[in-house]
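The values are calculated or read from the model by the stated rules, or taken from the named source; none is laboratory data. In this text the structure is predicted, and so the values were computed from the model without any measurement. Here the Cβ positions follow ideal geometry from the backbone for every residue, glycine too, while neighbour counts run over all protein chains shown. Areas reflect the complete protein model, heavy atoms only, side chains present, ligands, DNA and RNA absent. Shrake-Rupley method; radii C 1.70, N 1.55, O 1.52, S 1.80 Å.
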Amino acid sequence: LGFLAVSNRIPEPGSGVHVLQVAGHHGEALTAGAPVDARIDARIEPSTCRNVVASFGDVDGAERLTVLTTPISGWFRCAGERGTGIAVALEMAERLADEGPLLFLGATGHELGAFGAATLHATWGDRADTLLHVGANVGCDWAADETLSGPDHSHMAARLAADPARVEGVARAFASAGVRVDTPERNRAQWFGEAADWLDAPQVLSFLGQNPWFHAPGDLAGVSCSASRTEAVAGAFTEAALALIRR
């Protein structure tokens with residue numbers, strides 16, 4: 001769409017010079033071989049990014065602890081990428097709080113190797129019975145324009161690792177939002193985002209999607225996402241979670 005998009009990466013010593021990404025609207029000039037000047041203003045600023053942790057019920061003594069997690073940081077304003085996930089996770093936390101011990105984890109550092117999520121898993125990973133991961137772009141329902149013929153949810157799927165007896169209830173819940181449910185093996189290559197760190201939990205349910213403005217400045221409310229779609233996903237994800245934890 002002509003935007004400059006940014007890729008997450010894990011910087012390592014000796015990884016070399018990063019590729020200079022150029023916005024799409026310069027594509028014609030580059031293809032024609034015209035010279036392009038790049039002015040770069042970069043700096044390193046040490047800072048602290050904090051995870052957000054909230055507990056409902058006796059999480060320390062829980063035999064079956066439900067962990068609900070979503071990333072809370074991202075590129076640019078990231079309304080669809082992060083904003084909808086935060087909204088869905090907060091709605092789910094409120095509705096699931098009375099179902100038993102629940103730990104809410106808002107993980108930061110998503111753009112740099114998901115460091116925040118890794119820290120939380122190191123602390124709580126062996127305690128989780130059911131892991132609910134609200135990933136990127138969950139409330140995206142972009143409007144039709146000259147690029148897209150209409151709202152497109154084809155790149156959205158919920159992924160479930162649990163007893164086969166739980167699949168039907170989870171699939172039925174997500175069907176109300178037009179989301180399919182996949183059941184891949186517990187292989188990190190088959191899972192995305194922070195959910196891949198929690199595959200040691202007995203039950204893992206993860207949902208994420210795509211939008212054309214992912215990792216770009218155009219990922220704005222009313223463009224890539226909508227309140228109605230976010231509400232629909234929150235309801236579907238909550239019902240899917242209940243199908244897992246009520247057993």
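Results for (1) surrounded by 21 or more Cβ atoms within 10 Å (Cβ to Cβ); (2) more than 22 Å from Ser226 (Cα to Cα), shown as yes or no for each residue.
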position	(1), (2)
Ala62	no, yes
Ser73	no, no
Glu91	no, no
Gly100	no, yes
Leu120	yes, yes
Thr130	yes, yes
His133	yes, no
If we keep only residues of the stretch 187-209 that are closer than 25 Å to Phe76 by Cβ and charged (D, E, K, R), then the residue most open to solvent (accessible area, probe 1.4 Å) is Asp197
Selection from the stretch 215-235 of residues more than 18 Å from Val6 (Cβ to Cβ) and open to solvent by 40 Å² or more (accessible area, probe 1.4 Å) yields Ala221, Gly222, Ala227, Ser228, Glu231, Ala232
If you go through the stretch 76-86 one residue at a time, do you hit one that is outside any helix (DSSP H, G or I) and within 20 Å of Ala234 (Cα to Cα)?
-> yes
Note: among Pro212, Pro184, just one is in contact (Cβ under 8 Å) with a residue 40 or more places away in the chain, surrounded by fewer than 22 Cβ atoms within 10 Å (Cβ to Cβ) and not in a strand (DSSP E or B), namely Pro212
Hey, does the stretch 47-55 have a residue that's open to solvent by 100 Å² or more (accessible area, probe 1.4 Å) and either modelled with pLDDT under 85 or not small (Gly, Ala, Ser) (or both)?
-> yes
When the stretch 109-121 is checked residue by residue, the ones that are within 26 Å of Ile245 (Cβ to Cβ), outside any helix (DSSP H, G or I) and not small (Gly, Ala, Ser) are His110
